[in-house]
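The values are calculated or read from the model by the stated rules, or taken from the named source; none is laboratory data. The model shown is predicted, which means the values in this text are computed figures rather than measured ones. Every residue, glycine among them, receives a Cβ derived from its backbone with ideal geometry; neighbour counts consider all protein chains shown. Ligands, DNA and RNA are stripped out before the accessible areas are found, and what is left, the full protein with its side chains, is counted by its heavy atoms. Shrake-Rupley method; radii C 1.70, N 1.55, O 1.52, S 1.80 Å.
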Amino acid sequence: MAAKRAKAPVRPALAKKAAQSLFSGRTFCILPWTHLHVRVNGDAQPCCAWSGRPTGSLRSASIQNLWNSSGMKRLRKNMLAGRPSAGCRACYELEGSKFRSMRLERNETLSRHRARAALTAPDGSLPLLAFPFMDIRFSNLCNLRCRTCSAEQSSAWVPEAKTLGWLKKDAPPLNRAYGDWDQLWRQLGPLLEEGLEEIVFAGGEPLLSREHYRILDFLLAKGLTRVYLRYVTNFSNLRFEGQDALGLWSRFERVRVAASLDGSGRRGEYLRAGLDWGAAVQNREEMLRRCPQVEFNVSATLSLFNALHLPDFHRDWVEKGYIGRDDFFVNPLLNPPWYSAQALPADFKRRVQEAYRRHRLEFLAGARRAAAEFEAAERFLAARDASRLLPDWAKVTRRLDALRGEDCREAFPELAPLLGPAPRVRGSRA
C-alpha cells in the first residue's frame, strides 16, 4: 500500500497553541504526530518508553491503520487537552529526577514539526501519513543474554527462560514484528522516501538483522544519504553475512552509535553474557580508524549490579580515548524492579551517591551533560526506597548464576554482602 502525503488546512488557533503552550507543558509529546515505533513482537506503540497497552499490532494491521488506531487517536486528544497519559509514566518518573527524558529530547529535536498538531482531526486522527522518525524493531534476534534483558528482546535468552520456567516450552525461538516481509516492504518503501529524516535501529541486535541491511541498501540506492542513522547496539559484531557496517556508515552523512555496554572487562561480560570484552574494544578501535566521523557514545543501563562501578567504567573509556567525557549516558533501569538501583539498601546507596559526587567534582569539570547524568542518577537513587526487593534480586541472581556457571561475587565483589553466603561446593569441607 503506497503511503500518501495527505494535506489538510492548518487551524491557526491550534497551531499557535501547539507552538506556545503545548510544548512547554508537562504532558505533551511530539512523537504521536511524527513517529512510528514497533516492538519485536509486533506491538505498535507511541514510542519505545511507552508502558501502556499497545495501540495495535503490525502482524495484523497495516501501518496506515496503526497510525490512526483508537489508541493513537485517544492519546493525541489527551495530549492536546493537557491530560497526562498513564503509558508515559517512564518519562514522568525520569523527569522527576531531572533526567532528560525521551519526551523532552524529542520535543526539542522534532520541534520543527510542531505544526502537525494543528492537523489533528476532532477525533484525534491525523491524515498525514509520513514519518520523520521511524523505529521498527524487526525481531528479537540477538547473540547475547544480558542480565537485565529477557527472551522477549533476545532470542539467545529463550532456552534459559524455558529452563527457568519464565517462558512456555512451546514458545518460538524467534519473534518477528511482522507477518509477511514482502507485504511490509510495500508499505515501508514509500515511507522511507517520503520525509524520513531519522531512523533508529535497535532490537534484538540490529547489526545481525537482514532487514536493517536491506533498508541501508535501499537508502543508498535512492541516494538518501542524508537520513540520520541511529543505533542501539551491543557492539559485538560489525560484520554480518558479507555486509560491513563500517563501510556502509561511511557513505551516510550522519550516523550515531549508542553502545549498550554496562561495565568494563569481566563486569561487562557478566552483565551481557556472551560478550567478548576484548572484541568490543577492538571494534571501537577499528571504528576510530575507519569511521572517526561517526558519533559514538556509551549508553549504560544503571542497575543494582553496576551502580557503584559506573564512574570507573566511564573514566576508563575516556582515558583510553574511546569516548569523550560527555559521551556517556546513564539509563536507569525501571523494570524488573528488583534489578533497579533503587533496590539497594540505604548504606550502599550512600556509597554510590558519594562515588557519583566525587566523579562529578574530580573528573567531570566542564563536562556539563555527563555531570548532569550522574547528578540525576543520585536523585534517582534517593527518589524511592525499594530495598524490600533485595531478597528477590538475590534469589534471581543466585538462580541464574547456578544455571550459567557464573558467580556475581567474582564480577562484583562489592555486592557479595548483599547476596549472602557463597554456595557450598559439593564435596567441600566448608
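A few comments on the model shown:
- Given (1) modelled with pLDDT under 95; (2) outside any helix (DSSP H, G or I), index of the condition PHE329 fails: (1)
- Residue within the stretch 244-258 that is open to solvent by 20 Å² or more (accessible area, probe 1.4 Å), at pLDDT 95 or above and within 29 Å of LEU94 (Cα to Cα) present: yes
- The set of residues from the stretch 335-352 being in a helix (DSSP H, G or I) and buried (at least 18 other Cβ atoms within 10 Å of the Cβ) comprises TRP338, TYR339, ALA341, GLN342, ALA343, PHE348, LYS349, VAL352.
- For ARG315, the conditions (1) without any contact (Cβ under 8 Å) to a residue 40 or more places away in the chain; (2) touching a Phe, Trp or Tyr at 6+ places or on another chain (Cβ under 9 Å); (3) under 22 Å from ALA258 (Cβ atoms); (4) open to solvent by 30 Å² or more (accessible area, probe 1.4 Å) all hold with the exception of (1).
- TRP157 being without any contact (Cβ under 8 Å) to a residue 60 or more places away in the chain, in contact with a Cys (Cβ under 7 Å, 6 or more places away or on another chain) and over 30 Å from SER70 (Cβ atoms): yes
- Just one of (1) touching a strand residue (DSSP E or B) at 6+ places or on another chain (Cβ under 9 Å); (2) surrounded by fewer than 19 Cβ atoms within 10 Å (Cβ to Cβ); (3) not polar (S, T, N, Q) fails for GLU198. It is (2).
- Residue tally, condition open to solvent by 60 Å² or more (accessible area, probe 1.4 Å) and in contact (Cβ under 8 Å) with a residue 24 or more places away in the chain, over the stretch 101-121: 1
- Single residue of the stretch 113-129 satisfying the filter (touching a Leu at 6+ places or on another chain (Cβ under 7 Å) and not polar (S, T, N, Q)) that is nearest to LEU196 (Cα to Cα): LEU128
- Here LEU36, LEU94 are screened, and the one residue that is crowded, with 21+ Cβ neighbours inside 10 Å, modelled with pLDDT under 90 and part of a strand (DSSP E or B) is LEU36.
- ARG59, sole failed condition from (1) assigned to a loop (DSSP other than H, G, I, E, B); (2) modelled with pLDDT under 70; (3) charged (D, E, K, R): (2)
Residue by residue, here is whether (1) out of contact with any strand residue (DSSP E or B) (no Cβ under 7 Å at 6 or more places or on another chain); (2) small (Gly, Ala, Ser); (3) within 14 Å of LEU310 (Cα to Cα) holds:
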site: ARG325; (1), (2), (3): yes, no, yes
site: ALA343; (1), (2), (3): yes, yes, no
site: ALA386; (1), (2), (3): yes, yes, no
site: ARG398; (1), (2), (3): yes, no, no
site: ASP407; (1), (2), (3): yes, no, no
site: ALA416; (1), (2), (3): yes, yes, no
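- Residue in the stretch 360-379 that is among the small types (Gly, Ala, Ser), surrounded by fewer than 16 Cβ atoms within 10 Å (Cβ to Cβ), at pLDDT below 95 and assigned to a loop (DSSP other than H, G, I, E, B) present: yes
- Subset of the stretch 39-92 [closer than 26 Å to PRO332 by Cβ and hydrophobic (A, V, I, L, M, F, W, C)]: VAL40, ALA44, CYS47, CYS48, ALA49, TRP50, LEU75, MET79, ALA86, CYS88, ALA90, CYS91
- For the criterion of being under 22 Å from GLU194 (Cβ atoms), without any contact (Cβ under 8 Å) to a residue 60 or more places away in the chain, of a type in the set (A, V, I, L, M, F, W, C) and touching a Leu at 6+ places or on another chain (Cβ under 7 Å), PHE252 passes.
- Odd one out for ALA81 among (1) in contact (Cβ under 8 Å) with a residue 12 or more places away in the chain; (2) open to solvent by 20 Å² or more (accessible area, probe 1.4 Å): (1)
- Selection status of ALA258, over 12 Å from VAL294 (Cβ atoms) and touching a residue at least 60 places away in the same chain (Cβ under 8 Å): no
- Residue satisfying all of: in the stretch 393-430; surrounded by fewer than 13 Cβ atoms within 10 Å (Cβ to Cβ) and basic (Lys, Arg); modelled with the highest pLDDT among these: ARG399
- Of the residues making up the stretch 397-413, those that are in contact (Cβ under 8 Å) with a residue 60 or more places away in the chain and either of a type in the set (A, V, I, L, M, F, W, C) or part of a loop (DSSP other than H, G, I, E, B) (or both) are LEU400, LEU403, GLU406, CYS408, ALA411, PHE412.
- Against the test of being within 20 Å of ASN65 (Cβ to Cβ) and not small (Gly, Ala, Ser), the options LEU94, LEU126 yield a single qualifying residue, LEU126.
- Qualifying residue in the stretch 139-162 (condition: open to solvent by 50 Å² or more (accessible area, probe 1.4 Å) and more than 22 Å from SER260 (Cα to Cα)): yes
- Residue-level analysis places GLY179 among those that are out of contact with any strand residue (DSSP E or B) (no Cβ under 6 Å at 6 or more places or on another chain), assigned to a loop (DSSP other than H, G, I, E, B), under 16 Å from GLU211 (Cα atoms) and open to solvent by 40 Å² or more (accessible area, probe 1.4 Å).
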